[in-house]
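Everything on this sheet refers to the single structure shown next.
Read-outs: derived from the displayed coordinates by stated rules, not from any lab. What you see is a predicted model, and the numbers here were worked out from it, not measured in a lab. Because the Cβ atoms are built from the backbone with ideal geometry, glycine has one as well, and the counts that use them run over all protein chains shown.
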Amino acid sequence: MKIPDGWKKSKLGLYIDLLIGYPFKSKDYIYEKSGIRLIRGDNVIQGKIRWNDVKRWEIKKDSNIKKYYLKEKDFVIAMDRTWVKSGLKASLITSNDIPSLLVQRVARLRSKNGLYRNFLPNLIRSHKFEQYVKGVQTETAVPHISSLQIKEFSILLPPLPEQKAIAELLSTWDETIEKSKRLIVEKEKRFKWLINKLVFGQLRININSHEFINGHFFKYPKEWKYIRIKNIASELSIRNTDPENKLTVLSCSKYDGFVNSLDYFGKKVYSDDTSNYKIIKKGEFGYPANHIEEGSIGLLSHCEKGIVSPIYVTFNTDSEKVFQPFLYKILKTNL
């Protein structure tokens, strides 16, 4: 690929001031709010600082730790488990994150030598850096990257005016994404409210005459019946006896219900011998017993028949008592 005019191919280390955190002793952590918050690797998640279970340090006149105070627009990277399934553990420090102190196994990056500070996060958040981390982090009990490995990351650096233009454009997109996330949260709250109204009736507080569900009391319309799933459902355990394995192997996703396993994982993850797998038919339910707490439950609707792993629990329902799509919507709520 031809490098654009004015762009430089170099190493990240030439354009950053990198500092590794101070080895604060855990026995001296305090929990009083008067202390300074400590940014440990556990606090650095994908794109932000998580302040749950925060540890603090007593304010002292200690010159040894002055340089570990973080500033707004600093960029931090967790050096242990830098990449996890949910993404890269790196974040920009905002005004809400200071005052705070940098702890060992976390790297602080500041731009220098013509690297625009708002452009730096885009280099670290890039797919290229993510793939780089996956390739270099040590495969030990705790995967780790070193400060040298961060500095050795190859970059293409545009001229300063282009850095500013790119950073401004991407910042606009970041703001749009954040607004969309907030809108989704509000819509989810609205959806839960509608479920309460439509499915569970009017919310009332009366411990003697109303059903208690998830910390709330609900009044049901008079013509509604309150029954337990065990009274309308029956567990199934029909094993696959097709010697040619013509039936599609299905998996259950949290959001989409039953899907073709090969399409979902992009590769074969099931056994060659599926004789012990369970048959599931259209209109029947199933869930993996080891993932039900995540909401991974499905209603088979897109094909007439398939097979699922033996770890799945499959069941059907009495169609005269319940409309399967209605029950599926109830089971997919978090109420």
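Expressed as an acute angle from 0 to 90° and rounded to the nearest 10, what is the orientation of the C-alpha long axis of helix 127-136 relative to the principal long axis of the chain? Tilt of helix 127-136: around 80 degrees. The ratio of the alpha-carbon radius of gyration of segment 230-331 to the globular-protein estimate 2.2 N^0.38 Å is 1.03.
Sorting HIS127, HIS144, HIS302 from the fewest to the most surrounding beta carbons within 10 angstrom yields HIS127, HIS302, HIS144. Could you tell me how far the Cα centroid of segment 15-83 sits from the Cα centroid of segment 102-143, in Å? Value for the Cα centre distance between the two parts: 16 Å.
Antiparallel beta bridges, as assigned by DSSP with both residues in the chain, represent about 90 percent of the total such bridges. The stretch between ARG50 and ILE3, if pulled fully straight at 0.36 nm per residue, gains 13.1 nm over its current Cα-Cα span. Once you have a ≥ b ≥ c as the square roots of the Cα gyration tensor eigenvalues for segment 8-148, tell me rounded if a/c is under 1.5, and otherwise prolate or oblate according to whether a/b is larger than b/c. Prolate shape, in that a/c is at least 1.5 and a/b is the bigger ratio. Going by neighbour counts of Cβ atoms within 10 Å, the residues TYR255, TYR69, TYR15 line up, fewest first, as TYR255, TYR69, TYR15. Need one number: nm distance between label points at ASP28 and TYR264, each 7 Å from Cα along Cα→Cβ, rounded to one decimal. About 5.1 nm, to one decimal. If you plug the beta carbon distance of GLU152 and ILE311 into 1/(1 + (r/R0)^6) with R0 = 51 Å, you get a FRET efficiency near 0.70. Short-range pairs are left out: with C-alpha atoms under 8 Å and at least six residues apart, the relative contact order of segment 8-158 is 36 percent.
The ratio of the alpha-carbon radius of gyration of the chain to the globular-protein estimate 2.2 N^0.38 Å is 1.34. Given R₀ = 22 Å, FRET efficiency for ILE238-LEU331 by Cβ-Cβ distance, to 0.05? Approximately 0.55, to the nearest 0.05. Straightening the chain between LEU18 and SER253 buys 80.5 nm, computed as 0.36 nm per residue apart minus the Cα-Cα spacing.
Checking the cross-link pairs LYS9/LYS112; LYS268/LYS329; LYS267/LYS305; LYS48/LYS85; LYS71/LYS181 against a 24 Å limit on the alpha carbon distance flags LYS268/LYS329; LYS71/LYS181 as lying beyond it. Taking the C-alpha atoms only, the angle from helix 160-198 to the longest principal axis of the chain is near 30 degrees. Take every Cα pair under 8 Å in segment 1-89 that's 6+ residues apart, average their separations, divide by the length, and report that relative contact order as a whole percent. Reported relative contact order: 28 percent.
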